[in-house]
Amino acid sequence: MKPKRGQKVCKACDEVNGARAYACKKCGEPFVMKDGKIRYGNKPIADWRTLEPGDHFKVKARSGDYYYKDNGEKHYWSTPGSIYKVIDLTEEGVNAYGLGGRGYWGYAFIYMGPEKRSPMGLTSCWKAPHKIVRVKNP
């Protein structure tokens, strides 16, 4: 099927998408642009288990582990915008290495399991899944 003007067809599932789409709206397969690069949109990754070692991602704001301040306000521990490189996956999250972005360098564990109280025994601390977005490899 030949797409009309302003459209392109996904090679994986034959779904018709808009010309400016970064990824297929049906299967999520990224499109290769005219300059040969693969770009990803700002949509959070639906299934983090699809990440592979070497993939790059960043953490969205207002996600991940948090605690409640004395005035009842939520404060998140994670730094939004930091870029990470996947080392490997575990049952509850991603072992990654920080590549900077907002100044984070070094090893990090990105929790992706269900929301629960922190195992440290503090009543105001919670473990919550992070919202992550795939980014192109630098």
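Every number here is computed from the coordinates shown, using simple stated rules; none is lab data. As the structure is a prediction and not an experimental result, all values here were calculated from the model. Cβ coordinates were reconstructed from backbone atoms using ideal geometry, including for glycine residues, and neighbour counts include every protein chain displayed.
How about residue 60: which aspartates and glutamates have a C-alpha closer than 17 Å to its C-alpha, ignoring those fewer than 8 places off in the same chain?
Partners found: 47, 115.
Scan [x] 12, 39, 32, 15, 3, 0; [y] 9, 23, 15, 12, 9, 8, 6, 4, 4, 5, 4, 1, 0; [z] 11, 35, 29, 17, 7, 2, 0 for the value of P(r) over Cα pairs in 10 Å bins from 0, in percent calculated from this model and give just the label.
Given [x] 12, 39, 32, 15, 3, 0; [y] 9, 23, 15, 12, 9, 8, 6, 4, 4, 5, 4, 1, 0; [z] 11, 35, 29, 17, 7, 2, 0, the structure-derived one carries the label [z].
Given a 10 angstrom Cα cut-off, can you work out which residue in 79, 123, 90 is the most mobile in a GNM of the chain?
Checking each option, the largest mean-square fluctuation is seen for 123.
Run the dipole for the chain about the Cα centre, Lys and Arg Cβ at +1, Asp and Glu Cβ at -1, nothing else charged, and hand back the magnitude in debye, nearest 20.
Dipole size: approximately 920 debye.
Among 120, 112, rank each residue by its count of other Cβ atoms within 10 Å, from fewest to most, as a rough exposure measure.
120, 112
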